[in-house]
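Peer 1: My questions will all concern the structure given below.
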Amino acid sequence: MATKFELSELIRTGHFIDGQWVASANGKRFDVTNPATGEVIATIADGGEADARAATDAAARAFPAWRDALPKERAAVLHRWHALMLENADALGHLISLEQGKPFAEGRGEVLYGASYVAWFADEATRIYGDLIPQQQRGKRMSAVKEPIGIVAAITPWNFPLAMIARKIAPALAAGCTVVGKPAEDTPLTALALVMLAHEAGVPPGVLNLIAASRESAVPAVAAWLHDSRVRKITFTGSTPVGKYLARESADTLKKLSLELGGNAPFIVFDDADLEAAVSGLLVSKFRNGGQTCVCPNRVYVQSSVYERFGDMLARRVAALKVAPATDPDAQIGPMINARAVEKIARHVDDAVSKGARVLAGGKRLTALGPNYYAPTVLADATGAMQLSCEETFGPVVPLFRFDDETQAIQAANDTPFGLAAYFYSQNVRRIDRVARQLEAGIVGINEGALASEAAPFGGVKESGYGREGSKYGLDDYLSIKYLCQGGLE
Ligand code: ADP
């Protein structure tokens with residue numbers, strides 16, 4: 001069996017349903033384009049309601065056998081899938097760059113990152129323990145066991161075309177659930193390649209089904225899952241409005257939900273911080289994927305006494321970032337995902353400048369490179385009146401806000417409906433403890449900008465959603481607890 005594939009062999013143009021590559025029931029297709037050039041990479045099946053239902057039918061048929069497989073059998077399949085991802089890391093990395101635009105080094109890095117969840121949950125599959133409850137009455141034995149929740153629908157965004165879907169499929173399969181999935185319309189090819197490798201790894205037909213869909217077709221396709229009582233769980237990463245819509249629409253069948261939604265991450269630099277470290281941490285957290293991640297700092301608060309110095313240090317480093325297509329080996333920032341994304345970034349920067357922000361670096365489109373490029377930007381004198389203070393910019397823009405004391409910084413940081421990630425830099429141990437406790441966020445970086453790890457619980461509070469991905473907690477979202485009470489034992 002060939003296990004290492006060329007990029008061209010990884011490009012699939014059909015849906016994957018019941019172990020087969022199939023066209024849409026209605027014959028529709030749509031184009032997937034390269035954001036760096038606008039060129040069409042592939043024309044693929046555009047799934048609708050009938051395809052979604054066929055996927056659910058297959059997942060329902062496959063569920064009993066997969067649920068009853070031994071945990072170590074499920075683990076073995078996941079370990080093989082992990083090995084295939086690593087073996088094909090270069091080709092997958094190129095595919096990510098091609099359809100999403102991030103530099104190849106980041107694309108390849110994403111493959112390793114996504115694969116780490118598969119390995120993690122392969123191991124976790126064998127550690128799904130229950131409890132024997134200490135005896136309460138004579139003649140009765142009470143216990144709690146964990147069971148797979150059933151069919152899981154996974155819906156993912158474009159910014160991490162591989163990692164986002166891998167970290168949903170892996171725990172679902174580990175738990176014994178079967179999956180129907182839909183990747184984002186901008187980046188479906190990586191997800192299709194991933195399920196092809198899962199099939200090669202021995203995931204049985206019907207256990208993992210994936211349909212691709214354009215934006216218009218996604219609505220009826222996903223609605224078919226939302227209204228189908230056989231689908232017991234929705235796991236979604238994407239925008240807050242769509243997350244709320246999914247929660248509302250699945251209320252009639254009372255599905256369990258995991259929602260990883262938008263953020264508006266604060267990044268606080270106190271005057272007792274190591275400023276060099278803070279600049280480096282900000283670069284790592286802000287400019288990964290060109291600023292297009294939900295944990296990217298969106299608002300940077302800097303204490304007055306170090307404000308100008310920090311701004312200068314940061315602007316120098318940001319101006320030196322290399323913006324180029326993913327094919328350039330030196331590229332640090334690629335194109336934004338689409339025209340809509342660049343327009344939002346330009347609107348936020350223009351609005352800030354019109355309200356008094358000073359441009360320390362960037363501040364403009366890079367049209368010579370292509371239509372979707374925007375220069376990495378640092379803006380000083382940002383205020384709460386600017387759009388970028390309350391909306392996620394999702395691009396390479398750092399607005400610097402000024403604050404005088406700790407209380408003010410915490411208040412400003414928490415003044416948002418969102419609560420995914422928050423970061424702060426300080427070398428004062430008492431302050432570290434105080435601030436970490438008071439920040440309203442699911443994830444807090446303390447003197448650290450790189451937080452992602454398969455061993456850590458990833459997820460938000462407030463309107464950033466609920467549920468956790470990764471870590472020993474990540475399987476719980478895919479399990480339900482059954483209480484067994486056995487009598488007549490006296
Ligand atoms: P983004 O703004 O990052 O594109 P979205 O929340 O719009 O985030 O999209 C995330 C995922 O949700 C994508 O797979 C997209 O196709 C899907 N999606 C968006 N709107 C809907 C909808 N109304 N019904 C079902 N899926 C949707």
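The values are calculated or read from the model by the stated rules, or taken from the named source; none is laboratory data. In this text, all values refer to a predicted model and were calculated from it rather than measured experimentally. Virtual Cβ from ideal backbone geometry, glycine too; neighbours counted across all protein chains shown. Heads up: the accessible areas ignore ligands, DNA and RNA and are worked out on the full protein's heavy atoms, side chains in. Shrake-Rupley method; radii C 1.70, N 1.55, O 1.52, S 1.80 Å.
Peer 1: Rank-order 41-48, 393-400, 21-28 by packing density, defined as the average count of other C-beta atoms within 10 Å over each peptide's residues, highest first. Numbers along the way, then the final one.
Peer 2: Working: 41-48: 21.6, 393-400: 25.6, 21-28: 15.2.
So the peptides 41-48, 393-400, 21-28, ranked by packing, come out 393-400, 41-48, 21-28.
Peer 1: Right, next: Roughly how many whole Å is it from the C-alpha centroid of segment 55-120 to that of segment 1-43?
Peer 2: Here the answer is 16 Å between Cα centres.
Peer 1: Expressed in nm to one decimal, what extension gain is obtained for the pair Glu200 and Ala83 from 0.36 nm per residue of sequence separation less their Cα-Cα distance? List each step's numbers first, then the result.
Peer 2: On the way: separation 117, 0.36 × 117 = 42.12 nm, distance 1.09 nm.
Contour length minus Cα-Cα distance gives 41.0 nm.
Peer 1: Compute the FRET efficiency between Ser229 and Ala450 as 1/(1 + (r/R0)^6), taking r as their Cβ-Cβ distance and R0 = 35 Å, and round to the nearest 0.05.
Peer 2: Step by step, r from the Cβ atoms, then E = 0.25.
Peer 1: Kindly report the accessible area of the chain per residue (heavy atoms of protein chains, probe 1.4 Å, no ligands, DNA or RNA), in Å².
Peer 2: In whole numbers, the chain has 40 Å² accessible per residue.
Peer 1: Report ³J(HN,Hα) in whole Hz for each residue of segment 227-233, in order, from the Karplus equation J = 6.51 cos²θ - 1.76 cosθ + 1.60 where θ = phi - 60°; Gly and Pro get x.
Peer 2: Once rounded to whole Hz, the list reads 9, 9, 6, 6, 7, 9, 8.
Peer 1: Which net charge results when you count Lys and Arg as +1 and Asp and Glu as -1 among the other residues whose beta-carbon is under 10 Å from that of Phe104?
Peer 2: In short, -1.
Peer 1: Compute the FRET efficiency between Lys4 and Lys72 as 1/(1 + (r/R0)^6), taking r as their Cβ-Cβ distance and R0 = 25 Å, and round to the nearest 0.05.
Peer 2: Numbers: r = 26 Å, r/R0 = 1.05.
Calculated value: 0.40.
Peer 1: Just need the relative contact order of the chain here, percent rounded to a whole number, with Cα pairs under 8 Å and 6+ apart.
Peer 2: Details: 1160 pairs, mean separation 90.1, N = 490.
In percent, rounded to a whole number, it is 18.
Peer 1: So, one more: Once amide H atoms are built 1.01 Å from N in the peptide plane, which residues 5 or more positions from Ala456, or in another chain, come under 5 Å H to H?
Peer 2: For Ala456, whose amide H was placed from the backbone, the distant partners under 5 Å are Ser471.
Peer 1: For Leu360, list long-range residues whose amide hydrogen, built 1.01 Å from N in the peptide plane, is under 5 Å from its own amide hydrogen.
Peer 2: Excluding prolines and chain starts, which carry no amide H, the hits are Val378, Leu379, Ala380.
Peer 1: Right, something else. Taking only DSSP H segments of four or more residues, each worth -39500 (n - 2.57), what value at 222 nm results for the chain once the sum is divided by all its residues, to the nearest 500 deg cm²/dmol?
Peer 2: Helices in the chain give a 222 nm mean residue ellipticity of -12000 deg cm²/dmol.
Peer 1: Per-residue counts of other Cβ atoms within 10 Å, averaged by peptide: what ranking do you get for 65-72, 325-332, 84-91, highest first?
Peer 2: Top to bottom by mean Cβ count within 10 Å: 84-91, 325-332, 65-72.
Peer 1: Gln486 to Asp405: extension gain in nm, 0.36 nm per residue of separation minus the Cα-Cα distance?
Peer 2: 23.2 nm
Peer 1: Could you derive backbone 3J(HN,Hα) for segment 10-15 from the dihedral phi with the Karplus parameters 6.51, -1.76 and 1.60 (θ = phi - 60°), listing whole Hz in sequence and x where the residue is Gly or Pro?
Peer 2: 7, 7, 10, 10, x, 7
Peer 1: At what distance in angstrom do the alpha carbon centres of segment 408-467 and segment 244-307 lie from each other?
Peer 2: 8
Peer 1: To continue, here is another question. Would you please put 100-113, 441-454 in order of how densely packed they are, using the mean number of other Cβ atoms within 10 angstrom per residue and starting with the highest?
Peer 2: 100-113, 441-454
Peer 1: Another one. What is the extension gain from Val353 to Tyr129, computed as 0.36 nm multiplied by their sequence separation minus the C-alpha to C-alpha distance, in nm to one decimal?
Peer 2: Gain in length upon complete extension: 75.1 nm.
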